[in-house]
Amino acid sequence: MAVLAVQHIRRMRGGAQGQLMLGADGQVYVVKFRTTRSMCGCWPTSFLASRIATAAGLTAPETELVEVSSWLVENTPELEMDLGRTRVRCATGLQFGSRFVGGLMPGQVVDYLPEEQMAEVRNLGEFAGILALDKWTGNANGRQAVFARRQRERRYRAVFIDYGYCFHAGEWRFEDLPLRGVYYRNDVYREIAGWDAFEPWLTRLETMAADTVWAAANEVPPEWYGGDLSEMEALVEKLLARRSRIRELIEGFGKSDRRPFPKWVGWKRCGGGMERDAMGE
């Protein structure tokens, strides 16, 4: 069931033109409004990929369908979209909502930490898990994350946000390149010394029940992708078929010039990249 938006709080920064809104459930959501299909092409992928991340136990904001009434749009001047040469009122009906990290009373949320604090992030090892997810879903962008802590807490935890470029954004295809879908800082991968570092998330993804993926896909409103159910079915079938390739795709990143896994004893230098020796089997 959709969450009803009851109050507009403020406009968010960024090209997506999201709006911060209060839901009837008492939670705060970043709501992204649809105008044309091209502007909401990432919604189905964002919704599906984030639901899969949550099912795998990764730290991601909860996503919901947010119902925005015509009354709220008509009585909130700020609810409009800038289309360049013109401005239009935000659409009513079902919109994409992502739980706002920190809520109404955030302790502290930042998008950058110095190296010393990064090493103390509570769930630093989870960067290995989100790497596995991004490789599986073909994230065509860099991995996005913010860092949150509650009041009186010293250490941050990573929250993995923005899944709009999974499945190559609105194109719903897979273009597997080694440096796509990875975080821009190598220090989050520094302690990875073998496949055990990817657990339990890697196994959860490789063995995720097809019903779990289909259930998430079935929650996506068909009007978000033009109503062609066969397109969504084809996407899910391709995704499920790729589960056996996750390790291969991670290895592609490991062999890159980034040298992300310096402590992995099963890797050795080979020219400009890396190759696996017998210890990596």
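Considering only Thr92, Thr212, Thr63, the mean-square fluctuation computed in a Gaussian network model of the chain, springs between alpha carbons under 10 angstrom, is largest for Thr212.
The GluC sites (Glu not before Pro) of segment 52-103 meeting both criteria, a DSSP state outside H, G, I, E and B (loop) and at most 11 other C-beta atoms within 10 angstrom of the site's C-beta, are Glu78. In degrees from 0 to 90, rounded to the nearest 10, what is the angle of the helix 229-241 Cα long axis to the longest principal axis of the chain? Its long axis makes an angle of about 20 degrees.
When the Cα positions of Gly103, Leu58, Trp71 are compared along the charge dipole of the chain, Gly103 comes out farthest toward the positive end, with charges on each C-beta of Lys, Arg, Asp and Glu.
Of all aspartates and glutamates in the structure, the ones whose alpha carbon falls short of 13 Å from that of Lys135, not counting any fewer than 8 places away in one chain, are Glu175, Asp176, Glu206, Glu248, Glu251.
Note on exposure: Ser98, Ser50, Ser244, Ser70 ranked by accessible area (1.4 Å probe, complete protein assembly) read Ser244, Ser70, Ser98, Ser50, with the most exposed listed first. Taking amide hydrogens as placed 1.01 Å from N in the peptide plane, the amide H of Leu4 sits under 5 Å from those of Ala24, Asp25, Glu67, each at least 5 positions away in sequence or on another chain.
Under the rule a/c < 1.5 gives rounded, and otherwise a/b versus b/c splits prolate from oblate, where does segment 53-130 land using the Cα gyration tensor? Prolate shape, in that a/c is at least 1.5 and a/b is the bigger ratio. Of the residues Ile161, Ile130, the one with the largest accessible area comes first in the ranking Ile161, Ile130, computed with a 1.4 Å probe on protein heavy atoms.
Under 5 Å between amide hydrogens, which residues at least 5 positions from Ile9 or on another chain qualify, with H placed 1.01 Å from N in the peptide plane? For Ile9, whose amide H was placed from the backbone, the distant partners under 5 Å are Leu20, Met21, Leu22. Taking Kirkwood radius over Cα pairs in Å as calculated from this structure, the corresponding entry among [x] 18.9; [y] 20.0; [z] 19.5 is [y]. Normalising the average separation of contacting C-alpha pairs (under 8 angstrom, six or more residues apart) by the number of residues puts the relative contact order of segment 6-102 at 30 percent.
Of all lysines in the structure, those lying under 18 Å Cα to Cα from Lys263, and not within fewer than 8 positions of it along the same chain, are Lys255. Sequence-distant contacts, meaning Cα pairs under 8 Å at least 6 residues apart, place the relative contact order of the chain at 18 percent. A simple spin-label model places pseudo-atoms 7 Å from Cα toward Cβ; at Asp25 and Asn75 they are separated by 2.4 nm.
Loop only per DSSP, at most 10 neighbouring Cβ atoms within 10 Å: give me the trypsin sites (Lys or Arg not before Pro) in segment 15-85, ordered by residue number. The qualifying sites are Arg85.
Exposure here means at most 15 other Cβ atoms within 10 Å; with chymotrypsin sites (Phe, Trp or Tyr not before Pro) in a DSSP loop as sites, the longest stretch of the chain lacking them is 1-111. Distance between the 7 Å Cα→Cβ label points at Arg87 and Leu104: 2.8 nm.
Taking amide H positions as modeled 1.01 Å from N, with prolines and chain starts lacking one, the residues under 5 Å from Arg89 and 5 or more places away or on another chain are Met81. Checking the a/c ratio against 1.5 first, then a/b against b/c, what shape does the Cα gyration tensor give for segment 147-187? Because a/c hits 1.5 or more and a/b fails to exceed b/c, segment 147-187 counts as oblate.
Can you show me the helix-derived [θ] at 222 nm for the chain, built from DSSP H runs with n ≥ 4 at -39,500 (n - 2.57) apiece and divided by the number of residues, rounded to the nearest 500.
Details: 8 runs with 70 residues, N = 281.
Rounded to the nearest 500, the figure is -7000 deg cm²/dmol.
Multiplying the sequence separation of Tyr112 and Leu229 by 0.36 nm and subtracting their Cα-Cα distance, what value in nm do you get? Could you put the intermediate results ahead of the total?
On the way: separation 117, 0.36 × 117 = 42.12 nm, distance 3.97 nm.
Extending this stretch completely gives an extra 38.2 nm.
Look at the Cα gyration tensor of segment 169-252: its axes a ≥ b ≥ c give a/c of at least 1.5 with a/b over b/c, and that counts as prolate.
Can you tell me the dipole magnitude for the chain around its Cα centre, using point charges on the Cβ only (Lys, Arg +1; Asp, Glu -1), in Debye to the nearest 20? With only Lys, Arg, Asp and Glu charged at Cβ, the dipole is about 780 debye.
The values are calculated or read from the model by the stated rules, or taken from the named source; none is laboratory data. Here the structure is a predicted model, which is why all the values come from computation and not from measurement. A quick note on method: Cβ atoms are made from the backbone with ideal geometry, for glycine too, and the neighbour counts reach across all protein chains shown. Side chains included, ligands, DNA and RNA excluded: accessible areas come from the protein's heavy atoms. Shrake-Rupley method; radii C 1.70, N 1.55, O 1.52, S 1.80 Å.
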